[in-house]
Structure formats: structure tokens, C-alpha cells
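Computed from the coordinates by the stated procedures, all read-outs in this text should not be read as laboratory data. This structure is a prediction, so every number in the text was calculated from the model and none was measured. As a convention, Cβ positions derive from the backbone with ideal geometry for all residues, glycine included, and neighbour counts pool all protein chains shown.
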Amino acid sequence: MKKNAFWVRGARRIGASVMTLWTLFSLMPAYAALPQVEPPSSGGGGGLMDTLKGYINDGIVIGGLVAAAVAFIVVAIAAVSTFNEVRDEKAGWGKFGAIVVVGVVLIVAVVWLAGKAATIIF
């Protein structure tokens, strides 16, 4: 191994360390401009446990909304596939109407239950 390679490697390490420190200290003012964390919608005052409870409540409400969205997608897929069967004359309009009515009732029930769960759980 050459003596010159040792010094080149050392200079690269020092240069990398200097660049890392320069980057770290040049970004320090950016930390101060970050926004404050928004408290949960159900109230965040009263300590860490109340704030955590509020975040869990918000998460459950979002989970209910996701369940409602999934129910809507499932109903839409079932309605479209039944409509295609009606167009191909494999099923009648009664089946299509039943799928749509049951789907709407399902969506309303899921949204209603999600709303009730948000008030009951916490």
C-alpha cells in the first residue's frame, strides 16, 4: 500500500466529516420553523393520557370512515357486475334493483354505526 493512498483516504474522511457537520449546523434554523403539533379534535388538554386518548379516538373515527369507503366500493363493484349480467341477459332487473337497495342500506348502516361508535367508545 502506498503512503499517498493513506493520506488521500484520511483527507476524504476529514472532508466528509466537515461536510456532515456543516450540513447539520446549516440546517439548525430550519428546525425552528416547523409548525406545532395540532391537538386531537376531541380535546387535547389535561396531560399526556388525555391527548393520547384523543388521538386514539380520532384514529377510530378515521377507521370508521375507511370502513364506509370500503363498503361503498364493494357495493359499487357488485352493482356494476350485476348491471353487466343484466346487459348480457344472464340476470333480470329485479336482481340489479335488489343489489342497489341492499347496498344503499349497507352503506347507510356502516356510516351510522361508525358515527355511533365514535361517540360511544370515548
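Proximity of backbone amide H atoms, modeled 1.01 Å from N, is registered between residue 91 and 86 at under 5 Å, excluding neighbours fewer than 5 places apart on the same chain.
Label-to-label distance for residue 12 and residue 106 is 6.1 nm, based on points extended 7 Å past Cα in the beta-carbon direction.
When every Cα-Cα distance of region 47-122 is counted in 5 angstrom steps from zero, the calculated P(r) takes the values 3, 16, 18, 15, 12, 10, 9, 6, 5, 3, 2, 1, 0 percent.
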